[in-house]
Every structure is written in C-alpha cells, then in structure tokens.
1. As an exercise: evaluate Asn449 against (1) under 22 Å from Asp20 (Cβ atoms); (2) in contact (Cβ under 8 Å) with a residue 24 or more places away in the chain and give the number of the one condition it does not meet.
2. Identify the residue in the stretch 420-435 that is in contact with a Leu (Cβ under 8 Å, 6 or more places away or on another chain) and of a type outside the set (D, E, K, R) and, among all such residues, is farthest from Gly331 (Cα to Cα).
3. Please work out which one of (1) out of contact with any helix residue (DSSP H, G or I) (no Cβ under 9 Å at 6 or more places or on another chain); (2) loosely packed, with under 15 Cβ neighbours inside 10 Å; (3) touching a residue at least 40 places away in the same chain (Cβ under 8 Å); (4) not aromatic (Phe, Trp, Tyr) is the condition Asn356 fails and give its number.
4. For the stretch 9-25, indicate whether the set of residues that are surrounded by 12 or more Cβ atoms within 10 Å (Cβ to Cβ) and among the hydroxyl-bearing types (Ser, Thr, Tyr) is non-empty.
5. Do we have any residue at all in the stretch 435-444 that's at pLDDT 90 or above, part of a helix (DSSP H, G or I), farther than 30 Å from Asn13 by Cβ and out of contact with any Lys or Arg (no Cβ under 6 Å at 6 or more places or on another chain)?
6. When the residues of the stretch 75-129 are narrowed to those that are of a type in the set (Ser, Thr, Tyr) and assigned to a helix (DSSP H, G or I), which ends up farthest from Leu350 (Cα to Cα)?
7. Taking only the stretch 323-353 into account, find how many residues are among the aromatic types (Phe, Trp, Tyr) and surrounded by fewer than 20 Cβ atoms within 10 Å (Cβ to Cβ).
8. Report yes if some residue within the stretch 392-407 is modelled with pLDDT of 95 or more, assigned to a helix (DSSP H, G or I) and more than 21 Å from Ile328 (Cβ to Cβ); otherwise report no.
Amino acid sequence: MKINHNISAQLANVNLKKNDNRLSLSMQKLSSGYKITKAADDSAGLAISNKMRTQIRALDRSAQNAEDGVSILESADGALSEIHSVLQRVRELCVQNANDTYTLEDRETAQKEVDQLMDEIDRISSTTEFNGRSLFDGSASRTMSSSVDGVKAVSVSMEATAGTYSFTVVSNATAASVSGIWNKITTPATKDTSFSINGETINITKDEPKEQIEKDIIEACQKMNLSYSTSGKITSNAAGDDYYVEINYEDGTKQKNVGTNAEVTLGQAAAGQTGFTDSARYTAKGNLLNIIDEDGVEMTVELPSGDKALPNNKTVGMKVYDAGYMTIQIGANEHQTLDMDFPTVSCDALKLRDQNGKDLLNVCTNYGASNGIALADTAIRQISTARAKLGAYQNRLETTVSSLNVFGENMTESMSRIIDTDMASEMTEYTQLTVLQQAATSMLSQANNRPQTIMSLLQGM
C-alpha cells in the first residue's frame, strides 16, 4: 500500500478520459449524422467525399442547365411553328393567285397580305428572345476581317495550273478585283502596288495599261492554271472555336457552320467582295486565304485540287464569323457541352428576298404566283429542317436531364456510404461507451478511497 502514488486511481482516470473522448466523438456523429466530422476521422474518406460532393453539385447544376436549354428550345420551336403557319398561308395565296380566274385587283389585294406576312416573318425572326438573347436574328455572330499592313484586297488576274501558290503583298494596296480564271484583267489598278507569286515580284503602277499588267502577271506565273474549289476546310489554332462561312451568291446567300477543322462546302458562282472565285462545277487546290481577327486567331481556307476552269467575271464574297449558337453545359466537367445552332429565319435567309432587298414573292401575275409556290416550298423545308434539329436537341436534353439525375442519385448514395453515420451501429457504440464511462467513474471513486485505509492503520499506532 502506497501513499505517494495511487496507481489504481491513475489507471482509472486514464480509462475515464479515453471513454469520455470516445463518447464525445460518438455524440458528434449522432448529432451531426456524419461519421467524418474532421479530417482526422478519415483523411482518405474526407478527400474522396469532397470530390464526390463537388461532382454532385455540378451534376445538379448541369441538370438545371439542361432544363433551361429545354425551355429555350420550346420557345424557339414555338416561334418557328408560327413562321411555319405564316408560310403555309403564303403558299396558299400563291396557289390561289396562280389561277387566272382572279383579276389584277384581286391579286394586288392578295399581294398586300403576302407583304404583311413577310413582314411578320421578319418580326418573329428579330424579336424571338430568351432571357434577353435573340435566337433567330443572327446577332450572335461576330464578323471577322482580314487586314495585313492595311491591305484589304489585291487586284490579280492570271492563268495558272492547279497547285499550291503563295501570294505575298509587298506594299500597301486597296481593294480592286479578282475575276474568272484569271486570264484577263477586268479592273485597272487604282494605286501603285506590288506583290510576289512564288518569289517573283510584280510591280503595278496606277498608270500602267491593264494589258501590260496582265502580261507581267502571266509571265511571272509561267502560264499556270489556277481555279477554285467547291469544297474546303477552315482550321483554327483556337481549339473548340466554331465559325460560319457565308457565301454571297448571285441568287442568294448561303451560310455554313464549319467549326474548327471541319469541312465546308461552297456553292455556285457568285458575286461578292473578298476576291476569289467559286463554282459548284469547279475544283482546285491550295491555301488561298488566311484570316486573322483582332485577338490573333488565325484561320486558313484550304481548297482541294481539280481540273476545270472557271468562267470569267464570276467572283464570290466570303465572311467568316462566330457561329450563331448557344452552348449548354450538360456535364460536371470541362468541355461536356452541347452546341445548339439557331438558324437565321428572316425572309432574306429563307430566300424570299434577294440580296438587294427585293421581295421575290409576287402574286400579281400568274408566273409570279407559280414561282412563289416553289419559293414557299423551299422556305417551308428550311423551317421544317430547323424544327427537326431543335426537336432533336430537345429530346437529347430531356434524356440528359434524366441521366444526370440518375447519375447524381447514384453518386450521392456512394458518398453517403463514406460520410454518413450508421445510426444503429453508432447508438450501440454510444450505449457501450456510456456504461464504460459510468464504470470508470465508479472505479476512480473507489481507487481514491483506498488511501483512507492507510490512515486507519496510522491512527492505530
């Protein structure tokens, strides 16, 4: 028996502290519902659960994004449905007035309705919005221009064989013309300029006859044939960027979403502004055009080889600009997106009006009304195609919402197994620790009473 050190009391006190700490931890788990309340509880489990929680929240947000996308598509489809109805009425009027039983006065009255219906198509196209963002007026597009040392275009006219050729501007020049198979100069130089073809420098003065300019260029090119393609490719060093190519034709305008590293098909011979010729019947090869925007993004138009010559004086204008689409984030991680194209559905885009702004629907004559039937059919097909695409987007997004919800539920269940408290098991642990704490408290009291027996012995001396 010892007085200075009460070993029994010390051991009972140690066990009491251990039980008290374990009991406190058990109470935290029971009160919070989590078995991981701090990193020390389960460092690996905490790290895994935090990543899973991030994914779950992102999945929930992505599902809401997809639902917003469905709402956008429903709004867009409603607008296209109205345009569809308008076009059906336009076609009906064209069929009606193609019949010669109607007088000119009757047809003029019908023409007034056609004009109003076309205005309504333009109104729907320009005013259809979602959250302040226009869907069908093409306002999402951004025109990109090409300018090197102030050069907008260079007058070139020559005959060349298929191949890849480098055109380098040596000094500043202003816009002139590019025409035909380049065997004739159609517009004389307006300012002094010079450029090189395959390393051969050609100087042109504004006073030099066009015949001499033609001769200089042809000699420099060594009688090469150069024509242009109906198909090509736009590439960009900015991965993921999408672009449109717009071709201004003599009979209308065509827009094609080419994307990054995607092929683009050009159309028939046309009149435009940027200076190379294209026709559906002709092909060629070569890197013909580099375009750099204000941010330094470079795009290259590449054209494949071919063997036919172009007719004279057929030129095409081209604009490259951002695609008019909306991107919906439909996943928890980067680049998990859906790009939705929203076509321009104005009368110009539907080819109901020419590039000069002249209405093509004229029901005042039998011929005009008959031609209007074909124009209306073409426009209806365009709207039907657009609605089919938007419907496909909507079906995909609805499926995406369902799959994201299921994925989120499964991941939540997995995370629950890691961080949530098993209440039944923890209550058993809590009850056991409570009994142990009570026992340790009792034993500590008994151990503290043991030195009293020594006092009894000392009092008997």
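1. (2)
2. Thr434
3. So Asn356 meets the others, but not (3).
4. Scanning the stretch 9-25, I find no residue that is surrounded by 12 or more Cβ atoms within 10 Å (Cβ to Cβ) and among the hydroxyl-bearing types (Ser, Thr, Tyr), so the answer is no.
5. no
6. Thr109
7. Residues in the stretch 323-353 being among the aromatic types (Phe, Trp, Tyr) and surrounded by fewer than 20 Cβ atoms within 10 Å (Cβ to Cβ): 1 in total.
8. No, every residue in the stretch 392-407 fails to be modelled with pLDDT of 95 or more, assigned to a helix (DSSP H, G or I) and more than 21 Å from Ile328 (Cβ to Cβ).
The values are calculated or read from the model by the stated rules, or taken from the named source; none is laboratory data. Predicted model only: the values in this text are computed from it and were never measured. Cβ atoms come from the backbone with ideal geometry, glycine included; neighbour counts cover every protein chain shown.
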